[in-house]
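Worksheet: one structure, shown below.
The values are calculated or read from the model by the stated rules, or taken from the named source; none is laboratory data. Please read these numbers as outputs of a predicted model, since none were measured by experiment. All Cβ positions, glycine included, derive from the backbone under ideal geometry; neighbour counts span all protein chains shown. Only protein heavy atoms, including side chains, enter the accessible area calculation; ligands, DNA and RNA are left aside. Shrake-Rupley method; radii C 1.70, N 1.55, O 1.52, S 1.80 Å.
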Amino acid sequence: MDIIIRPELNIEYNSTEEIIKKAFLNEEYSDKREHLLVNRIRKSDAFIPELSLVALNKGKNIIGHILLSKIKIVDGDNAVDSLALAPVSVTPEYQKKGIGSQLIHAALKNAKDLGYRSVIVLGHKDYYPKFGFKPASLWNIEAPFEVPDEVFMALELTHNSLEKVQGVVHYSKAFLE
């Protein structure tokens, strides 16, 4: 599908949050509060404006959004910077058309271009591996909460960037409110 992907603008925040609400309205594993999470992340030091992307249709209307934000992987006194992919949203009428995939590819490319080395996602075990995500446990990276191994995944944006990394993921406070 022909879309434009670009960084989200400040004046689009409310529109984007409405898109996120619509995208998760009928999702079984949603708490229906993803738009509030995005709002909190934007107000936190974990926010990276260049990694908050929107997808626009031919009419230049926002139909999707993705956000990568700063996290740390902590092992004792060692902490490594990484990113969390959460959430990716596409309005229901545009779902299953590859827009989510395009948003993910664009966000991962931008993250790599900005010098980030890895991304963590809590997501569908059959969806995210096609982007290169693997169980985070392969690197001894753990979630800070109980979660099935196959849905907590990591991706190296640069070759072997997680080779000497292990520990527990520390999300920003925005995730915990």
Of residues in segment 120-156 being in contact with a Ser or Thr (Cβ under 7 Å, 6 or more places away or on another chain) and surrounded by 15 or more Cβ atoms within 10 Å (Cβ to Cβ), the one nearest to TYR171 (Cα to Cα)
ILE120
Scanning segment 3-28 residue by residue, those touching a residue at least 40 places away in the same chain (Cβ under 8 Å) and over 18 Å from the mean Cα position of the chain (by Cα) turn out to be ILE3, ILE4, GLU12, SER15, LEU25, ASN26
From the list ILE73, ILE5, ILE19, exactly one residue is buried (at least 16 other Cβ atoms within 10 Å of the Cβ), touching a Leu at 6+ places or on another chain (Cβ under 7 Å) and not aromatic (Phe, Trp, Tyr). Which is it?
ILE5
Pick from segment 91-112 the residues that are small (Gly, Ala, Ser) and in contact with a helix residue (DSSP H, G or I) (Cβ under 7 Å, 6 or more places away or on another chain): which of them is nearest to ILE62 (Cα to Cα)?
ALA107
Within segment 39-62, residues among the hydrophobic types (A, V, I, L, M, F, W, C), closer than 13 Å to TYR13 by Cα and open to solvent by less than 10 Å² (accessible area, probe 1.4 Å) come out as ILE41, LEU53, VAL54
Run down HIS124, HIS105 and say which single residue is on the phi < 0 side of the Ramachandran plot and modelled with pLDDT under 95.
HIS124
May I ask you to list the residues in segment 59-97 that are among the hydrophobic types (A, V, I, L, M, F, W, C), over 14 Å from LEU37 (Cα atoms) and in contact (Cβ under 8 Å) with a residue 60 or more places away in the chain?
ILE63, ILE71, ILE73, VAL74, ALA79, VAL80, VAL90
Regarding LYS97, is this residue at pLDDT 95 or above, open to solvent by 50 Å² or more (accessible area, probe 1.4 Å) and either out of contact with any Cys (no Cβ under 6 Å at 6 or more places or on another chain) or polar (S, T, N, Q) (or both)?
yes
Condition set open to solvent by 30 Å² or more (accessible area, probe 1.4 Å) and touching a residue at least 24 places away in the same chain (Cβ under 8 Å), scope segment 100-117, selection farthest from ASN160 (Cα to Cα): answer is GLN102
